[in-house]
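The structure appears below as structure tokens.
The values are calculated or read from the model by the stated rules, or taken from the named source; none is laboratory data. Given the structure is predicted, the values throughout are model-derived calculations rather than measurements. No Cβ is skipped: glycine too gets one built from the backbone with ideal geometry, and neighbour counts run over all protein chains shown. We work out accessible area using only protein heavy atoms, side chains counted, and drop any ligands, DNA or RNA first. Shrake-Rupley method; radii C 1.70, N 1.55, O 1.52, S 1.80 Å.
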Amino acid sequence: GVVLRLLPHPPNFSPIAAVALFGAVYLSRKTAFLLPIAAMIVSDVFLGFYEPTVMAAVYISFLLCVMVGLWIKKHKSFLGVFSGSILAGVLFFLITNFAVWIFTPWYAKTLSGLVECYTLALPFFRNTLLGDIFYTGVFFGTYEIIKAVAKKRITRAKAQEQTN
């Protein structure tokens, strides 16, 4: 997660939500909550810190992604993982842009200011969704493929042992 955030990439095309979802499904609960936050802190050391309340909203959105992952853990299916990656992107978009609207001087503190904030963030939302879907697919897909190959090899090895 840290390395992928530091490499050149389109804005908001990031693996952190996928790290949160994957960690919640396959790692301990404690590790699942710590991993995305640790990845953000370490990468933010290099990328720079910004308005603290907006940063807090970003970090909180990734903690909520972990909670979505905990739901996926109980309902693990392709549809559950795919839906979870979309929900993670939607949560990130809604929470972080609300924080930008409310905590920065960039937008009027009116309904039209809020609408303007969300409207101007739509290109970033597209990248967020694409990144979340892509990295979630890579993480979950790679893990499940490796698990299936390992299971097949173990089964084959046991069968060979029995014939010897």
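For segment 142-156, the candidate set comprises residues that are open to solvent by 80 Å² or more (accessible area, probe 1.4 Å) and of a type in the set (D, E, K, R); within that set, the residue that is farthest from Cys65 (Cα to Cα) is Arg156. With respect to the stated conditions, Ile41 is more than 17 Å from Thr128 (Cβ to Cβ), out of contact with any helix residue (DSSP H, G or I) (no Cβ under 8 Å at 6 or more places or on another chain) and not small (Gly, Ala, Ser). In the set (1) out of contact with any helix residue (DSSP H, G or I) (no Cβ under 8 Å at 6 or more places or on another chain); (2) aliphatic (A, V, I, L, M); (3) open to solvent by less than 70 Å² (accessible area, probe 1.4 Å); (4) closer than 15 Å to Ile133 by Cα, the condition left unmet by Ala17 is number (1).
Is it true that some residue in segment 41-55 is part of a helix (DSSP H, G or I), under 23 Å from Ser77 (Cβ atoms), open to solvent by 40 Å² or more (accessible area, probe 1.4 Å) and hydroxyl-bearing (Ser, Thr, Tyr)? Checking segment 41-55: not a single residue is part of a helix (DSSP H, G or I), under 23 Å from Ser77 (Cβ atoms), open to solvent by 40 Å² or more (accessible area, probe 1.4 Å) and hydroxyl-bearing (Ser, Thr, Tyr). All told, Phe124 meets the bar of being open to solvent by 70 Å² or more (accessible area, probe 1.4 Å), in contact (Cβ under 8 Å) with a residue 60 or more places away in the chain and not small (Gly, Ala, Ser). Within segment 112-121, the set of residues being of a type outside the set (Phe, Trp, Tyr) and surrounded by fewer than 19 Cβ atoms within 10 Å (Cβ to Cβ) comprises Ser112, Gly113, Leu114, Val115, Glu116, Thr119, Leu120, Ala121.
In segment 128-141 there is at least one residue that is free of Cβ contacts under 8 Å to residues at least 60 places away in the same chain, open to solvent by less than 90 Å² (accessible area, probe 1.4 Å) and in contact with a helix residue (DSSP H, G or I) (Cβ under 7 Å, 6 or more places away or on another chain).
Just so you know, in segment 69-111 the residues that are over 26 Å from Val138 (Cβ atoms), part of a loop (DSSP other than H, G, I, E, B) and in contact with a helix residue (DSSP H, G or I) (Cβ under 8 Å, 6 or more places away or on another chain) include one that is least open to solvent (accessible area, probe 1.4 Å), and it is Thr104. Within segment 1-40, take every residue that is assigned to a loop (DSSP other than H, G, I, E, B) and within 23 Å of Phe98 (Cα to Cα) and give me the one that is nearest to the chain's Cα centre (by Cα). So, considering only residues that are assigned to a loop (DSSP other than H, G, I, E, B) and within 23 Å of Phe98 (Cα to Cα), the one nearest to the chain's Cα centre (by Cα) is Pro15.
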